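Data block below; observations after.
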Amino acid sequence: MKDGKGKGLLGLLVLLLAVGLFGFFGYDTMDDIKLGLDLAGGVSITYQALEENPSDEDMADTVYKLQQRVQNYSTEAEVYREGSNRINIDIPGVSDANAILQELGKPGSLMFIDETGAVILTGDQVASARAAQTEQNGIRSYVVSLTFTPEGTEKFAEATTNNVGKRIMIIYDGMVISSPVVREAITGGQCQIDGMADYEEANTLASTIRIGSLSLELEELRSNVVGAKLGQEAISTSLKAGGIGFALVSLFMVAVYLIPGLAAVLALAIYVGLILVLLAAFEVTLTLPGIAGIILSVGMAVDANVIIFTRIKEEIGRGKTVHSAIKTGFNKALSAIVDGNVTTLIAAAVLWLRGSGTVKGFATTLAIGIILSMVTALFITRFAIYSLYHLGLENAKFYGVKKDGKTIPFLGKKNICFILSLAVVAAGWAGMAINNGRTGKALNYGMDFTGGTSTNVTFNENMSLEDISSKVVPAVSEITGDADIQTQKVEGTNEVIIKTKTLSVDQRQALEDAMVDGFGVERERITAESISAAVSKEMKQDAVVAVIFATILMLLYIWLRFKDIRFATSAIVALVHDVLVVVTFYAIAKWSVGSTFIACMLTIVGYSINATIVIFDRIRENLAVQSGKQPLEDLVNLSITQTFTRSINTSLTTFIMVFVLYLMGVSSIREFALPLMAGIVCGTYSSVCVTGALWYVMTAAKGKKALEAKEGGKKGAGAPAKEGGKKQSGK
């Protein structure tokens with residue numbers, strides 16, 4: 001016993017030391033975490049097309065290509081049109097505009113010219129340029145791989161055929177940046193430029209060719225270091241909300257799960273410190289969508305612990321010793337935890353690979369959080385529970401007991417649930433139709449989706465971020481009647497950029513009057529420009545493609561793991577149901593649909609699929625041990641009942657975190673937290689009331705058809721209708 005207590009005491013000391021160390025390092029690295037423009041500001045660069053009246057097609061193409069390039073600096077970078085011939089780039093988490101401009105390069109003209117001086121092709125006929133490293137016969141070399149457009153392929157093939165053995169010069173803004181020799185005719189639309197000394201040289205050449213392959217030639221109009229959109233108030237209140245939410249969740253876990261709950265709190269404290277360290281180490285740019293990914297991963301970390309603790313209670317209720325119950329509980333919970341996290345991780349991986357902008361930022365924080373949550377739940381929580389157990393806390397009363405109680409007949413209400421779900425979804429479609437008829441828009445799209453007005457105001461004094469947030473923003477909001485307002489403070493000047501939804505002529509005049517009368521601004525120091533949507537058409541398409549691809553992969557994974565397509569189909573139908581229900585709230589309540597809308601939807605998808613997997617895992621387990629006499633309906637009801645406490649407790653802890661954020665956050669934080677709360681409630685409802693019922697309906701229908709076919713076959717053969725040696729009544 002003494003050895004056990006010594007082992008437990010040592011384990012507890014190690015845990016407390018780990019909590020202290022990771023807490024210290026996590027707090028210490030908070031200043032090193034890159035924050036997005038909405039949280040900490042960054043660099044804003046404005047380019048202007050040299051062509052006087054560029055086409056919308058060329059502008060859109062240039063915006064999209066620049067968006068792909070600036071993601072090298074931050075996944076949260078935004079590129080959008082300003083006016084008819086300007087393009088604005090906002091890059092969060094950086095402060096040196098000159099360094100960014102030097103690395104990004106000046107978007108100038110790019111031409112390929114032969115030795116006679118004739119232009120072979122121009123930069124817009126280059127589809128891609130990438131640096132690469134090759135190795136042949138042990139010799140390493142660095143090259144730039146070029147891919148041409150169909151038009152460029154044809155021209156380059158003709159030029160290389162006529163210039164074998166001669167040089168083709170690549171000229172950027174009047175300077176020769178490369179002059180490779182043509183060794184053979186190149187007709188396939190791809191070529192390599194070799195002879196680079198190192199990878200850095202190859203990468204620089206590739207970057208220059210890429211920036212020169214834009215559809216339009218651009219010139220730098222201005223570059224600024226801008227202040228945060230939300231300001232320090234949003235950051236401080238979010239941190240306080242996170243701390244209070246974590247404290248409430250900790251109290252809940254200890255109150256409900258006793259010693260295992262205390263072990264979970266220790267593990268979660270280490271988890272929070274670790275995730276802060278990893279965010280800094282991987283240089284992840286943290287924005288509001290990124291915070292959504294963290295909230296979801298914290299919820300899943302709590303969920304993994306709840307699944308384990310529920311299993312431990314069940315094993316103790318069956319008469320096992322505490323030590324044996326802990327071991328069995330972890331083993332039985334493993335499959336549900338792994339399957340739930342892997343499905344969400346699949347989604348995160350696809351979203352990162354195929355998404356852009358806020359989608360990629362969300363996916364990064366979510367993936368880090370998921371992997372970390374599994375590690376903390378399966379290893380750190382286990383270590384903590386055994387340490388507390390060996391310390392002398394061996395009595396079953398410290399762990400709780402859950403005996404098999406009365407099974408709740410969930411499936412008895414399945415038709416009511418189906419009708420309710422269909423009615424809510426239908427209400428959403430009706431709401432969107434009404435909105436479209438009244439305003440021409442199905443949803444209340446924010447400026448991130450539709451564009452808006454950018455008003456530059458130069459104040460007579462240097463306005464602090466707090467003054468902008470507490471004085472300027474409310475004055476603007478009163479005029480626009482909308483809380484979707486973004487402000488940027490240009491460092492080193494008195495200039496403030498105010499971005500709102502598209503303003504009418506009267507609203508522009510009212511805004512000018514408010515700035516002049518309320519703040520003493522000179523009217524001639526107020527300018528306004530129309531800006532395009534920060535979430536471009538291409539980015540929306542990227543997000544949709546990523547979600548569809550992720551959904552297909554999740555379906556395949558669930559099908560593979562559960563060996564039943566009905567499990568996968570039910571999960572995906574419920575997932576779509578949750579998204580449509582939350583869209584109903586957006587339509588009827590007229591919540592603003594901005595860039596965080598995508599992150600909210602993705603959070604709900606991840607949360608919903610994880611909750612569904614837990615119930616399906618229990619159905620699978622009960623199917624394996626069921627007696628032949630137990631009706632399928634009773635088995636499904638039992639499975640949902642057994643996981644019901646887990647479903648409620650996990651949702652409650654996650655809801656607490658988001659609710660505190662909603663109560664304490666600024667208006668933009670609240671607009672972000674409100675849909676998340678709706679999604680959490682909806683995800684819980686669908687997991688408990690819809691997914692199991694859907695699987696049952698499909699399985700029962702298949703069984704009925706199989707039985708009818710069997711009966712028909714026997715009657716057709718003149719044999720008596722039998723099943724299992726018993727005569728059937730035919731009723």
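The values are calculated or read from the model by the stated rules, or taken from the named source; none is laboratory data. What you see is a predicted model, and the numbers here were worked out from it, not measured in a lab. We place every Cβ from the backbone using ideal geometry, glycine too, and count neighbours over all the protein chains shown. Note: areas computed on protein heavy atoms with side chains; ligands, DNA, RNA excluded. Shrake-Rupley method; radii C 1.70, N 1.55, O 1.52, S 1.80 Å.
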Inset, instruction - Evaluate segment 147-167: report whether one residue or more is part of a strand (DSSP E or B), surrounded by 13 or more Cβ atoms within 10 Å (Cβ to Cβ) and aliphatic (A, V, I, L, M). - result: no
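Of everything in segment 119-146 that's among the small types (Gly, Ala, Ser) and in contact with an Asp or Glu (Cβ under 9 Å, 6 or more places away or on another chain), which residue is least open to solvent (accessible area, probe 1.4 Å)? Please lay out each step first, then the result.
Step one: of segment 119-146, the residues among the small types (Gly, Ala, Ser) are 123, 127-129, 131-132, 138, 141, 145.
Add one more test, that the residue is in contact with an Asp or Glu (Cβ under 9 Å, 6 or more places away or on another chain), and what stays is 123, 131, 141.
Values: GLY123: 3, ALA131: 21, SER141: 45 Å².
So, considering only residues that are among the small types (Gly, Ala, Ser) and in contact with an Asp or Glu (Cβ under 9 Å, 6 or more places away or on another chain), the one least open to solvent (accessible area, probe 1.4 Å) is GLY123.
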Legend entry - Residue, nearest to LEU121 (Cα to Cα), within segment 161-176, restricted to residues that are in contact with a strand residue (DSSP E or B) (Cβ under 8 Å, 6 or more places away or on another chain) and free of Cβ contacts under 8 Å to residues at least 40 places away in the same chain: VAL176
Inset, instruction - Name the one entry in GLY319, GLY392 that is at positive phi, in contact (Cβ under 8 Å) with a residue 24 or more places away in the chain and not in a helix (DSSP H, G or I). - result: GLY392
Inset, instruction - Please enumerate the residues belonging to segment 541-556 that are surrounded by fewer than 20 Cβ atoms within 10 Å (Cβ to Cβ) and in contact (Cβ under 8 Å) with a residue 24 or more places away in the chain. - result: VAL545, PHE549, THR551, LEU553
Inset, instruction - Might you let me know whether segment 583-595 holds any residue that is small (Gly, Ala, Ser), modelled with pLDDT of 90 or more and within 25 Å of VAL342 (Cα to Cα)? - result: no
Inset, instruction - Starting from segment 444-464, take each residue that is over 30 Å from GLY520 (Cα atoms) and list its partners that are at pLDDT 85 or above and open to solvent by 20 Å² or more (accessible area, probe 1.4 Å), counting only C-beta distances under 6 angstrom and pairs at least six apart or across chains. - result: ASN444/LYS590
Inset, instruction - Could you look through segment 168-190, keep only residues that are assigned to a loop (DSSP other than H, G, I, E, B), under 13 Å from MET111 (Cα atoms) and open to solvent by 30 Å² or more (accessible area, probe 1.4 Å), and pick out the one that is modelled with the highest pLDDT? - result: SER179
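For segment 115-128, indicate whether the set of residues that are under 38 Å from the mean Cα position of the chain (by Cα) and over 21 Å from LEU50 (Cα atoms) is non-empty.
Narrowing segment 115-128 to residues under 38 Å from the mean Cα position of the chain (by Cα): 122-128.
Going one step further and asking which of them are over 21 Å from LEU50 (Cα atoms), we end up with 127-128.
Yes, segment 115-128 contains at least one residue that is under 38 Å from the mean Cα position of the chain (by Cα) and over 21 Å from LEU50 (Cα atoms).
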Inset, instruction - Just give me the residues in segment 246-267 being open to solvent by less than 50 Å² (accessible area, probe 1.4 Å), closer than 16 Å to TYR386 by Cα and touching a residue at least 24 places away in the same chain (Cβ under 8 Å), in sequence order. - result: TYR257, ILE259, PRO260, GLY261, ALA263, ALA264, LEU266, ALA267
Inset, instruction - Output the number of residues of segment 108-118 satisfying the condition of being at pLDDT below 85 and either loosely packed, with under 12 Cβ neighbours inside 10 Å or outside any loop (DSSP other than H, G, I, E, B) (or both). - result: 2
Legend entry - Filter result (surrounded by 11 or more Cβ atoms within 10 Å (Cβ to Cβ), over 31 Å from the mean Cα position of the chain (by Cα) and more than 17 Å from GLY692 (Cβ to Cβ)) within segment 401-437: VAL401, LYS402, ASP404
Inset, instruction - May I ask you to verify whether GLY446 is on the phi > 0 side of the Ramachandran plot and either open to solvent by less than 40 Å² (accessible area, probe 1.4 Å) or among the polar types (S, T, N, Q) (or both)? - result: no
Inset, instruction - For ILE209, state whether it is modelled with pLDDT of 80 or more, under 42 Å from the mean Cα position of the chain (by Cα) and under 22 Å from ASP114 (Cβ atoms). - result: yes
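In this structure, is GLY329 surrounded by fewer than 22 Cβ atoms within 10 Å (Cβ to Cβ) and touching a Lys or Arg at 6+ places or on another chain (Cβ under 7 Å)?
Values: surrounded by fewer than 22 Cβ atoms within 10 Å (Cβ to Cβ): no; touching a Lys or Arg at 6+ places or on another chain (Cβ under 7 Å): yes.
No; evaluated as a whole, the condition is false for this residue.
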Inset, instruction - Check whether at least one residue in segment 280-292 is in contact with a strand residue (DSSP E or B) (Cβ under 6 Å, 6 or more places away or on another chain) and open to solvent by less than 10 Å² (accessible area, probe 1.4 Å), and report yes or no. - result: yes
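Working carefully through the options ILE619, ILE640, ILE648, ILE656, find the one that is of a type outside the set (S, T, N, Q), out of contact with any Phe, Trp or Tyr (no Cβ under 6 Å at 6 or more places or on another chain), part of a helix (DSSP H, G or I) and open to solvent by less than 30 Å² (accessible area, probe 1.4 Å).
Numbers: ILE640 fails: out of contact with any Phe, Trp or Tyr (no Cβ under 6 Å at 6 or more places or on another chain); ILE648 fails: open to solvent by less than 30 Å² (accessible area, probe 1.4 Å); ILE656 fails: open to solvent by less than 30 Å² (accessible area, probe 1.4 Å).
Answer to the selection: ILE619.
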Inset, instruction - Check segment 364-372 and report whether any residue there is surrounded by fewer than 17 Cβ atoms within 10 Å (Cβ to Cβ) and either touching a residue at least 24 places away in the same chain (Cβ under 8 Å) or not small (Gly, Ala, Ser) (or both). - result: yes
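Has segment 563-578 got any residue that is modelled with pLDDT under 85, aliphatic (A, V, I, L, M), over 28 Å from GLN486 (Cα atoms) and open to solvent by 60 Å² or more (accessible area, probe 1.4 Å)? Don't jump to the end; show me each part of the working.
Going residue by residue through segment 563-578, those that are modelled with pLDDT under 85 are none.
There is no residue in segment 563-578 that is modelled with pLDDT under 85, aliphatic (A, V, I, L, M), over 28 Å from GLN486 (Cα atoms) and open to solvent by 60 Å² or more (accessible area, probe 1.4 Å).
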Inset, instruction - Enumerate the pairs (first residue in segment 204-217 and among the basic types (Lys, Arg); second residue anywhere and open to solvent by less than 30 Å² (accessible area, probe 1.4 Å)) with beta-carbon separation below 6 Å, excluding pairs fewer than 6 apart on the same chain, so at least 6 apart or on different chains. - result: ARG210/ALA129
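Evaluate the following for SER530: is it farther than 27 Å from ILE89 by Cβ, at pLDDT below 90 and not acidic (Asp, Glu)? Walk me through it before giving the result.
On the way: farther than 27 Å from ILE89 by Cβ: no; at pLDDT below 90: yes; not acidic (Asp, Glu): yes.
Here the answer is no, as SER530 does not meet what is asked.
Residue under question is ASP303, and the condition is that it be of a type in the set (Asp, Glu), within 17 Å of THR643 (Cβ to Cβ), surrounded by 24 or more Cβ atoms within 10 Å (Cβ to Cβ) and out of contact with any Pro (no Cβ under 9 Å at 6 or more places or on another chain); does it hold? If you could, list the steps in order and put the result at the bottom.
Working: of a type in the set (Asp, Glu): yes; within 17 Å of THR643 (Cβ to Cβ): yes; surrounded by 24 or more Cβ atoms within 10 Å (Cβ to Cβ): yes; out of contact with any Pro (no Cβ under 9 Å at 6 or more places or on another chain): yes.
In short, yes.
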Legend entry - Filtered residue count, segment 590-602, keeping only those that are open to solvent by 10 Å² or more (accessible area, probe 1.4 Å) and of a type in the set (Val, Ile, Thr): 2
Inset, instruction - Of the conditions (1) in contact with a Ser or Thr (Cβ under 8 Å, 6 or more places away or on another chain); (2) in contact (Cβ under 8 Å) with a residue 24 or more places away in the chain, THR603 clears all except one; give me its number. - result: (1)
Legend entry - Selection status of ALA587, more than 24 Å from the chain's Cα centre (by Cα) and more than 23 Å from LEU652 (Cα to Cα): no
Legend entry - Candidate set: segment 191-208, residues that are part of a helix (DSSP H, G or I) and among the charged types (D, E, K, R); chosen: the one surrounded by the most Cβ atoms within 10 Å (Cβ to Cβ): GLU201
Inset, instruction - Considering each of GLU671, GLU633 in turn, give the residue that is open to solvent by 20 Å² or more (accessible area, probe 1.4 Å), assigned to a helix (DSSP H, G or I) and within 23 Å of LYS413 (Cβ to Cβ). - result: GLU633
Legend entry - Subset of segment 449-486 [at pLDDT 80 or above and closer than 29 Å to LYS540 by Cα]: GLY452, THR453, SER454, THR455, ASN456, VAL473, VAL476, SER477, THR480, GLY481, ILE485
Inset, instruction - Select from segment 352-402 the residues that are within 21 Å of THR310 (Cα to Cα) and β-branched (Val, Ile, Thr) and list them in ascending order. - result: ILE370, VAL375, THR376, ILE380, THR381, ILE385, VAL401
